Amino acid sequence: MVAEQLAAEFGIAGKLDFATAGKGLVKAVVSLDGMTGEVVLQGAQVTRWDPAGKRPVIFMSPNSVFAPGTAIRGGVPLIFPWFGPHRTAKEAPQHGFARTAPWRLTGVEQGAGGLALTFALAFDDISSPFWPEPYRAAYTVTFGRALSMSLSVQNRAKQPVVFEEALHTYFAVSDIAKVGVSGLAGRTYIDKTDGMRRKTQQEPLVILAKETDSLYLDTPSSRAIEDPDWGRRIVIDSSGAASTVVWNPWAEKGAAMRDLGDPAWRGMICVENGNAADNEVRLAADSEHTMSAQISVDAIG
Ligand code: TA6
């Protein structure tokens, strides 16, 4: 649907509007008590969350491409039904098909937590020879004093299905070299920069000093990004998500990424909630799995 049609069906004067984004994409724009949020319908991808009177929390690359079928560098890419490269099909797109799929806006609700937008995607919208399962997905984004996201996947088959999923969130930080991630101490992680070796997080804070691509397994429900230079802690609470990924491509790879570049790579960190690798979801026939995350910001120092 185009922006005008969406505005006619779902718009709320002064609170929810729709606009074009880049080359032919459409976004929802939420304005609520000084807070601004945006979701692009392609991929149901959150692309902005500016809490009232605070710096943006979500990072968006200044070089990102907003075009049909192109993954957007920043925001919250919705990763489903596989994480990273497909396990067997080299020709399959990285990170599954959901993040560039035509999600449908199905509902808008204003409540105590803010303004919630619900999107849907199902087998009839998009399927894949690399994961040909009959599924139905619903994704709700709530913009308020916190940012909440919840993905529910239904298995419509008569046999169990296996999938991976993640909210691949890009956070805006003062400088990647000056922040740390708490809540992962003692956890096992797969180091994708070191031959997929399994290691244990020794230090209380994950501090990055080079390319980092770590998939933590069986992680707790609460983690935080400590950003003393910006005087803030970004708190990430989740449920139904056993994995946490910490990623920054660092200088060489970051500079070489056409949709990121230098110095943009320094201003972001991905801390992703999901279910990947050993934490893959095995969903029984005719059942449903829900993964949620809530992001909030506290002042520190
Ligand atoms: O979540 C980390 C990661 O899997 C990295 O390996 C890197 O590939 C990143 O995702 C970005 O992937 P993308 O396909 O969006 O370029």
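Let me confirm something: among SER174, SER239, which residue is surrounded by fewer than 19 Cβ atoms within 10 Å (Cβ to Cβ), within 30 Å of PHE123 (Cα to Cα) and out of contact with any Leu (no Cβ under 6 Å at 6 or more places or on another chain)?
Numbers: SER174 fails: within 30 Å of PHE123 (Cα to Cα).
The conditions single out SER239.
Say we look at the stretch 32-45 and pick out the residues that are crowded, with 16+ Cβ neighbours inside 10 Å and more than 18 Å from the chain's Cα centre (by Cα); which of these is nearest to LEU147 (Cα to Cα)? Show your work before the answer.
Taking the stretch 32-45 first, the residues crowded, with 16+ Cβ neighbours inside 10 Å are 32, 35, 37-45.
Add one more test, that the residue is more than 18 Å from the chain's Cα centre (by Cα), and what stays is 32, 35.
Numbers: LEU32: 12, MET35: 11 Å.
Checking each candidate, the answer is MET35.
Based on this model, can you work out whether ALA256 counts as more than 30 Å from ALA52 (Cβ to Cβ), touching a Leu at 6+ places or on another chain (Cβ under 9 Å) and not polar (S, T, N, Q)?
Considered against the rule, which asks whether it is more than 30 Å from ALA52 (Cβ to Cβ), touching a Leu at 6+ places or on another chain (Cβ under 9 Å) and not polar (S, T, N, Q), ALA256 comes out as no.
What pairs come up if the first residue lies in the stretch 219-234 and is at negative phi, the second is at pLDDT below 95, and their beta carbons are under 7 Å apart, counting only those six or more places apart or on different chains?
PRO228/GLY301
Check ALA264 against each of (1) in contact (Cβ under 8 Å) with a residue 60 or more places away in the chain; (2) in contact with a Lys or Arg (Cβ under 7 Å, 6 or more places away or on another chain) and name the one condition it does not meet.
Only one criterion in (1) in contact (Cβ under 8 Å) with a residue 60 or more places away in the chain; (2) in contact with a Lys or Arg (Cβ under 7 Å, 6 or more places away or on another chain) is unmet by ALA264, namely (2).
Between PRO68, PRO134, which is away from the ligand (no atom under 16 Å from the Cβ), more than 21 Å from ARG232 (Cβ to Cβ) and touching a residue at least 24 places away in the same chain (Cβ under 8 Å)? Write out each step before concluding.
On the way: PRO134 fails: touching a residue at least 24 places away in the same chain (Cβ under 8 Å).
Result of the check over PRO68, PRO134: PRO68.
As an exercise: evaluate ALA166 against (1) surrounded by fewer than 18 Cβ atoms within 10 Å (Cβ to Cβ); (2) hydrophobic (A, V, I, L, M, F, W, C); (3) touching a residue at least 40 places away in the same chain (Cβ under 8 Å) and give the number of the one condition it does not meet.
ALA166 satisfies all of (1) surrounded by fewer than 18 Cβ atoms within 10 Å (Cβ to Cβ); (2) hydrophobic (A, V, I, L, M, F, W, C); (3) touching a residue at least 40 places away in the same chain (Cβ under 8 Å) except (1).
Scanning for something closer than 30 Å to ASP298 by Cα and of a type outside the set (A, V, I, L, M, F, W, C), does the stretch 76-95 turn up at least one residue?
yes
Any residue at all in the stretch 90-97 that's surrounded by 13 or more Cβ atoms within 10 Å (Cβ to Cβ), closer than 18 Å to LEU6 by Cα and of a type in the set (Phe, Trp, Tyr)?
First pass over the stretch 90-97, keeping only residues surrounded by 13 or more Cβ atoms within 10 Å (Cβ to Cβ): 92-93, 95-97.
Applying the additional criterion that residues be closer than 18 Å to LEU6 by Cα yields none.
Within the stretch 90-97, not a single residue is surrounded by 13 or more Cβ atoms within 10 Å (Cβ to Cβ), closer than 18 Å to LEU6 by Cα and of a type in the set (Phe, Trp, Tyr).
For the stretch 90-103, which residues satisfy the criterion of being out of contact with any Pro (no Cβ under 8 Å at 6 or more places or on another chain) and more than 11 Å from the ligand (Cβ to nearest atom)? First the steps, then the outcome.
Step one: filter the stretch 90-103 for residues out of contact with any Pro (no Cβ under 8 Å at 6 or more places or on another chain), giving 90-91, 93, 101-103.
Selection gives LYS90, GLU91, ALA101, PRO102, TRP103.
Would you be able to say whether some residue in the stretch 223-246 is of a type in the set (A, V, I, L, M), at pLDDT 95 or above and farther than 29 Å from GLY144 by Cβ? Spell out how you get there, then give the answer.
Within the stretch 223-246, the first condition is being of a type in the set (A, V, I, L, M), and the residues that meet it are 224-225, 234-236, 241-242, 245-246.
Filter once more, keeping what is at pLDDT 95 or above: 224-225, 234-236, 241-242, 245-246.
Filter again for farther than 29 Å from GLY144 by Cβ, leaving none.
Taking every residue of the stretch 223-246 in turn, none turns out to be of a type in the set (A, V, I, L, M), at pLDDT 95 or above and farther than 29 Å from GLY144 by Cβ.
Which residues, taken from the stretch 74-89, are in contact (Cβ under 8 Å) with a residue 60 or more places away in the chain and either away from the ligand (no atom under 14 Å from the Cβ) or surrounded by 22 or more Cβ atoms within 10 Å (Cβ to Cβ) (or both)? Spell out how you get there, then give the answer.
Pass one, the stretch 74-89, residues in contact (Cβ under 8 Å) with a residue 60 or more places away in the chain: 74-84.
Of everything in the stretch 74-89, those that are in contact (Cβ under 8 Å) with a residue 60 or more places away in the chain and either away from the ligand (no atom under 14 Å from the Cβ) or surrounded by 22 or more Cβ atoms within 10 Å (Cβ to Cβ) (or both) turn out to be GLY74, GLY75, VAL76, PRO77, LEU78, ILE79, PHE80, PRO81, TRP82, PHE83.
The values are calculated or read from the model by the stated rules, or taken from the named source; none is laboratory data. Since this is a predicted model, take the numbers as computed values, not measurements. All Cβ positions, glycine included, derive from the backbone under ideal geometry; neighbour counts span all protein chains shown.
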